[in-house]
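Comments concern the structure below.
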Ligand code: GLU
């Protein structure tokens, strides 16, 4: 079988959010798993709303997620292709000019509804003679162009939704080219899918109705129809859809908040699938978990707070090598033993900064029972200290003072770290080291 060619086709009109990421990842990871090609196509035919700044940020976001595209194209560079396709459709009578204004169309729609008729376009444009058109153009009207749908039942086998069918006889002929000559999304997308030899169109289910129309356009242009997979969309816990315009859960925002790309990717891919939502550190493994036939058809509900839980779980297992560079950037790289000691207490990598301070100071010790701390200090084990020191010390303190359990551990923790919670002291104590420990136990900030 030939290798798949897939595409992620965002409009660069805002920062992409976690829902857009679901589309991007399903495409990119499917291509990766099957040894195919992942195309990033900027749908920027709306020149007024599309911005380079957003296109750049989308590239940055994909890179951060670890799914850099193999090919990047911009629709704004490809108008010649769309013009040529439009001419072909005109030549075979599938693209025809219409002159109605919005008000006229609205009036007709209301009239049809009042008569109990479906409000579909009556194809008045198709009935115009050359003379009619010349007259309308003399009046200063400019045409928009509609695609003449065949009144057939269009069917396809969707990888997510199974056998789908749409009766095109009940749809209005869609407008493909506006009065000012600009293209709506429908035609350029098909032209690019043909030209880039896209084999699988993997996109959100909000595009299902476009699909029947686009299948007819593929056929009218004499091209093979790709395979479609329409996955469910993400919605928030309160049932709201995500919006790029409203800046919902942008990838940039999640990155700035210190979340790991793998947490975001795991949630985006696994929510609404047959797999339990869990942190998957390796994108190749996440790719293996994709099964289009098991993506639920209902909208995939997720809670923003799940991201933090996933992130914490991911970090609790994160090897030092994976964290090292980030720790260095945060000035909190205190070595592997430090990372292994603290990672279980972190939700985000940057939380390590606080524990790095607890290890190397300054810490203001909290000492309530001075006599107890003195007694404990007297039985500190000899140096060098290692992972067994804490146990040996606390046994000795117990023997010397008769104190045990929380009453023993908590005053030592408060004196050594200034905090009543934190990573296991068995691991922290050798990192703090005898010099700082002694100073803190004697009440000095160190
Ligand atoms: N620009 C379209 C969107 O963002 C692309 C849809 C498609 O994948 O065909 O929804």
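The values are calculated or read from the model by the stated rules, or taken from the named source; none is laboratory data. Bear in mind the structure is a predicted one, so any value in this text is a computation, not a measurement. Positions of Cβ are generated from backbone atoms using ideal geometry, with glycine treated the same way; all protein chains shown enter the neighbour counts.
Points to keep in mind about this one:
- Inter-residue pairs, beta-carbon under 6 Å, first in contact (Cβ under 8 Å) with a residue 24 or more places away in the chain and in region 58-75, second assigned to a helix (DSSP H, G or I) and surrounded by fewer than 17 Cβ atoms within 10 Å (Cβ to Cβ), 6+ apart: 64/255
- Of the helices (runs of 4 or more DSSP H) entirely within region 200-308, those holding at least 1 residues that are over 30 Å from residue 86 (Cα atoms) and either within 16 Å of the ligand (Cβ to nearest atom) or modelled with pLDDT of 95 or more (or both) occupy 251-256, 261-270, 283-288.
- Identity of the residue in region 190-199, within 13 Å of the ligand (Cβ to nearest atom) and under 26 Å from the mean Cα position of the chain (by Cα), that ends up surrounded by the fewest Cβ atoms within 10 Å (Cβ to Cβ): 196
- Residue 41 being within 13 Å of the ligand (Cβ to nearest atom) and surrounded by 16 or more Cβ atoms within 10 Å (Cβ to Cβ): yes
- Reported count of residues in region 89-102, each being part of a helix (DSSP H, G or I), under 16 Å from residue 175 (Cα atoms) and out of contact with any helix residue (DSSP H, G or I) (no Cβ under 7 Å at 6 or more places or on another chain), is 2.
- Number of the exception - residue 154 against (1) in contact with a helix residue (DSSP H, G or I) (Cβ under 9 Å, 6 or more places away or on another chain); (2) more than 26 Å from residue 47 (Cα to Cα); (3) without any contact (Cβ under 8 Å) to a residue 60 or more places away in the chain: (3)
- Some residue of region 132-142 being within 16 Å of the ligand (Cβ to nearest atom) and over 26 Å from the mean Cα position of the chain (by Cα): no
- Any hit, region 27-37, residues being within 13 Å of the ligand (Cβ to nearest atom) and under 19 Å from residue 268 (Cβ atoms): yes
- Looking only at region 1-25, residues that are modelled with pLDDT of 95 or more, part of a helix (DSSP H, G or I) and either surrounded by fewer than 20 Cβ atoms within 10 Å (Cβ to Cβ) or within 11 Å of the ligand (Cβ to nearest atom) (or both) come to 2 in all.
- Residue identified as free of Cβ contacts under 8 Å to residues at least 12 places away in the same chain, surrounded by fewer than 14 Cβ atoms within 10 Å (Cβ to Cβ) and within 30 Å of residue 64 (Cβ to Cβ) among 317, 354, 336, 325: 325
- Within the set 379, 366, 359, 397, the sole residue that is modelled with pLDDT of 95 or more and closer than 13 Å to residue 432 by Cα turns out to be 359.
- Qualifying residue in region 110-119 (condition: surrounded by 14 or more Cβ atoms within 10 Å (Cβ to Cβ) and at pLDDT below 95): yes
- Test: residue 187 is more than 25 Å from the chain's Cα centre (by Cα) and crowded, with 21+ Cβ neighbours inside 10 Å: yes
- In region 86-104, the residues that are in contact with a strand residue (DSSP E or B) (Cβ under 9 Å, 6 or more places away or on another chain) and touching a residue at least 40 places away in the same chain (Cβ under 8 Å): 86, 88, 89, 90, 94, 95, 96, 97, 98, 99
- Comparison of 80, 61 shows that the only residue that is away from the ligand (no atom under 13 Å from the Cβ), surrounded by fewer than 16 Cβ atoms within 10 Å (Cβ to Cβ) and assigned to a helix (DSSP H, G or I) is 80.
- Taken over region 39-56, the criterion of being assigned to a helix (DSSP H, G or I) and over 17 Å from residue 70 (Cα atoms) is satisfied by 52, 53, 54.
- Taken together, the criteria place residue 382 among residues that are free of Cβ contacts under 8 Å to residues at least 12 places away in the same chain and farther than 20 Å from residue 356 by Cβ.
- Residue in region 170-188 that is part of a strand (DSSP E or B), within 13 Å of the ligand (Cβ to nearest atom) and either out of contact with any helix residue (DSSP H, G or I) (no Cβ under 9 Å at 6 or more places or on another chain) or at pLDDT 95 or above (or both) present: yes
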